[in-house]
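Enquirer: Take this structure first; my questions come after.
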Amino acid sequence: MSHDLAFPTIADGQADGQWQTSNDADAAIGNATTDTYSVDFSAGNVTLNSTQYRSGYTFKPSAALAAARTLTLPAVKRPFTFHNSDATYTVTLKSTDGASPETAMTVVVLPGQLFFGYTNGSSPGLFGFASSTGSSLTGTYYDFGGYFEAAPSTSGGVFGRVRIARNITIAANMSGSYGGVSTNPVATYDVDVKDDGVSIGTISISTGGVVTFTTVSGTSKSVAAGSEIRFTAPINSPPDTTIAGLNFVIAATVA
């Protein structure tokens, strides 16, 4: 008899070692349904093999992360949870169907979040949701952004302002954020992101229209409820007014 978790089974007519086979199966069942598997991300992204993936139910980083990481899961049918116990960096879960080229689905688990889901062994193969690990709103999504048709006509001019209603955390380098433009700038255009007047990061738009996000010192940022997030144009003379249709969303969570 075969099954998705590949537990040891007693063969027909087996006499010697039946108790050992049974004990091994019992241990495998216990591990797959209750054990925690610590994933070592110290060398970079990790791809679990089938044996590793079947050996635990909850997966989590073994230590504090040095950067955002990706955890690739094998083509195995099973439920699981992933706890991103890191305080700063995201972990992207990625499924694979084992084909070449592979078709995969990715889910970003923010710092402090717990992902509940399952893989079905095929494409896209990954389903579930991420939630706070506490009983409050802590860890839940609090994304915000803006759309600005035209650039300010003055150097360092203000694009716009957003008032924040809760204590939030923006991940290091605004991981999980996205942006775009309808008209590219003539030179790299750096929008300063300020929290009550203090710079916390930059939204950069290249001449090719690629939008990248960074935070000061490459670390996560805490923003208090009631704070004003302000977006200001570069301090250039004369100002670059070519860029148009800037739109973006910054990923954050309730702190």
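Enquirer: With a 1.4 Å probe and all protein chains in place, put Met105, Met174 in order of accessible area, largest first.
Expert: The ranking, largest first, comes out as Met105, Met174.
Enquirer: If you don't mind, another one. In vacuo Debye scattering of the stretch 208-255, one point per C-alpha: log10 I(q)/I(0) at q = 0.30 Å⁻¹?
Expert: The Cα Debye sum returns log10 ratios of -1.42.
Enquirer: Ignoring ligands, DNA and RNA, please state the percent of accessible area on the stretch 138-193 from carbon and sulfur, probe 1.4 Å.
Expert: Details: 1350 of 2800 Å².
The computed percentage sits at 48.
Enquirer: Just to confirm, what accessible area per residue do you get for the stretch 178-255 at 1.4 Å probe, in whole Å²?
Expert: Values: 3370 Å² over 78 residues.
The answer is 43 Å² per residue.
The values are calculated or read from the model by the stated rules, or taken from the named source; none is laboratory data. As the structure is a prediction and not an experimental result, all values here were calculated from the model. Only protein heavy atoms, including side chains, enter the accessible area calculation; ligands, DNA and RNA are left aside. Shrake-Rupley method; radii C 1.70, N 1.55, O 1.52, S 1.80 Å.
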